[in-house]
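Bear in mind these aren't lab numbers, they're just calculated from the coordinates by the rules spelled out. The structure displayed is predicted, hence computed values, not measured ones. Here the Cβ is made from the backbone with ideal geometry for all residues, glycine too, and neighbour counts use every protein chain on show.
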Amino acid sequence: MLLKQMEYFQTVVECGNFYLAAERCYISQSAISQQIKKLENELGVQLLDRHNRTFSLTPAGEHFYRKSLVITGDIEQLVRKVKRMHQGDHVTLHFGYYKGYYGNELTEAVAIFSQKYPAVEIHITAGSHEELYAALEHNTVDFVLSDQRRAFSGMYHNLILSESRIYIEISARNSLSKLKQIEIDDLKNTPCILVANENSQEEERQYYEKIVGLKGDYIFANSIQEARLKIVTGHGYMPVDVIGEQVWFDTTVSRISLVRKSESVKKVYCAFWKKENSGYYIEEFADILKGQF
């Protein structure tokens, strides 16, 4: 049995038809159909019940699909480990990201990078802006994704990734949730909830009060889950960064665009790494990350 035939079978099942599976595998529809037939012949078992232009999995096909995913996953891990052993001192990259960033661009970039360079080990940590800056300074992280809060330094590569708009998350039961946008000044009597550990609370409060302009009381939470529980129980609102189109579905929490004199309040997100630490993998990852934004 060929591993490729197993991968073709998985793709057919995931796509739901032979035409789309063939496109994804860059072969013809007849070729992928022949490969599935060869797989069935080799196993001596029918995996698919064919119905004109559609198909369904036989019980054996369902079992084979589930187990084949385990096998291909094990093979991917084996390949990764063998490549690392061949390298000897394998490459490890340490990435940091701002804990107030909730987008999926970083996750997508890491997935693409890991698939392309399976021998490179990636460690990822979250922190406040100042914690990440200190980590870069002390070389405990190689690369940081964060919002810009200070002038660019000539010691670093400073790659602008995107501009974000600040929204607030507030209880759907709060009367403010009926608004499409809200002026900063209209929030001064409502507490602002920030996700920050004890060491970074003052840093985050100063930034949102003096730079963003959110006046009033501040409440702190240790996690996004804790912050949202405070929101739904009416303790206040939480500012969040939205990059790209706003997509939000939640019956208990509403998102409202934050504006200053009718203009969206924005941030700039960047990637930072020391020039002296520049290398192929870091710059390759930076290019991939930029593409996701």
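Before moving on, here are some points about what is shown:
- Applying 1/(1 + (r/R0)^6) with r as the Cβ-Cβ distance of ASN277 and ASN199 and R0 = 35 angstrom yields a FRET efficiency of 0.90.
- All Cα-Cα separations within the chain were binned at 10 Å from zero, giving a P(r) of 6, 21, 22, 19, 18, 11, 3, 0, each value a whole percent of the pairs.
- Applying 1/(1 + (r/R0)^6) with r as the Cβ-Cβ distance of MET155 and GLU245 and R0 = 35 angstrom yields a FRET efficiency of 0.50.
- Residue of ASP241, ASP186, ASP147 that the Gaussian network model of the chain assigns the largest fluctuation, springs spanning Cα pairs under 10 Å: ASP186
- Within the range 1-157: Cβ-based charge dipole about Cα centre, in debye rounded to nearest 20 (Lys, Arg +1; Asp, Glu -1): 480
- Least to most buried among HIS129, HIS235, HIS63 (fewest other Cβ within 10 Å first): HIS63, HIS235, HIS129
- Positive-end residue of TYR208, LEU258, THR54, charge dipole of the chain with Cβ unit charges: THR54
- When the chain is described by a simple charge dipole with +1 on each Lys and Arg Cβ and -1 on each Asp and Glu Cβ, the residue from LEU2, ILE160, TYR281 located farthest towards its positive end is LEU2.
- Here, P(r) means the percent of Cα pairs in each 5 Å bin from 0 to the largest distance; for the range 3-84 it is 3, 15, 25, 25, 17, 8, 5, 2, 1, 0.
- Multiplying each eigenvalue of the alpha-carbon gyration tensor of the range 93-136 by 5 and taking the square root yields semi-axes of 21, 13, 5 Å, largest first, rounded to whole angstroms.
- Most mobile listed residue (ALA221, ALA31, ALA271) in the chain, GNM with C-alpha springs under 10 Å: ALA31
- Förster radius 25 Å - calculated FRET efficiency between GLU76 and CYS15 (Cβ-Cβ, nearest 0.05): 0.80
- Per-selection Rg to Rh, the range 119-246 - Cα, Kirkwood hydrodynamic radius: 1.00
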